[in-house]
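A short reminder: the numbers here are calculations on the coordinates, not readings from a lab. Computed from a prediction, not measured in an experiment: that's the story for all the values here. We place every Cβ from the backbone using ideal geometry, glycine too, and count neighbours over all the protein chains shown.
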Amino acid sequence: MGNRETQCSAPAVVLALLGGAVAGVVAGLLLAPKSGEEARRALKDYARKTEEEVLERAKEVRAALDETIDRGTRFIAEKTVAVEAAVKAGRETMKEKVDKCCN
């Protein structure tokens with residue numbers, strides 16, 4: 001390897017750049033697994049299937065949420081009845097104690 005300087009002219013650099021770009025485009029077209037239309041169709045199918053799965057999962061979550069809300073509502077109603085009964089019993093007991101004491 002000598003100490004020779006290599007100089008490239010501007011047209012040669014431009015030509016090499018254009019040649020590389022053309023080679024890249026050709027290689028991309030030849031090596032692409034699917035055509036543009038096929039790729040778009042596959043992407044649309046994937047998006048549609050994903051949307052259907054998300055909607056199905058949303059329905060399942062909504063059903064589970066509705067069930068949880070229903071159970072919570074029943075629990076609160078049962079506890080409200082129990083508290084009201086306890087308060088009523090406490091009032092009656094207090095009334096009986098006051099009546100015995102003061103009468």
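Which one of S35, V98, T73 is farthest out on the positive end of the charge dipole of segment 13-103, using unit charges on Cβ (Lys, Arg +1; Asp, Glu -1) and the Cα centre as origin? Of the options given, the answer is V98. A simple count of charges around E56, restricted to other residues whose Cβ falls under 13 Å of its Cβ and scoring Lys, Arg +1 and Asp, Glu -1, yields +1. Assuming charge only on the beta carbon of Lys and Arg (+1) and of Asp and Glu (-1), the dipole of the chain about its Cα centre is about 240 debye to the nearest 20. Phi angles across segment 58-66 convert, under the Karplus curve 6.51 cos²θ - 1.76 cosθ + 1.60 with θ = phi - 60°, into 3J(HN,Hα) values of 5, 4, 5, 5, 4, 5, 5, 5, 4 Hz, Gly and Pro given as x. Taking a sphere under 14 Å around the Cβ of C102 and counting the other residues whose Cβ falls inside, with K and R at +1 and D and E at -1, yields a net charge of +1.
Just checking the listed ones, V13, V54, V25: in the Gaussian network model of the chain with Cα springs under 10 Å, the one fluctuating most is V13. Cα-based radius of gyration for segment 16-75, normalised by 2.2 N^0.38 Å, reads 2.33. Close Lys pairs in the chain (alpha-carbon distance under 18 Å; sequence gap of 8 or more, or different chains): 4. Taking label positions 7 Å along the Cα-Cβ direction at both L15 and E52, the computed distance is 5.7 nm, reported to one decimal.
The structure shown yields Cα extents along the principal axes in Å, and of the options (i) 127, 41, 23; (ii) 58, 38, 18; (iii) 74, 28, 28 that calculated value carries the label (i).
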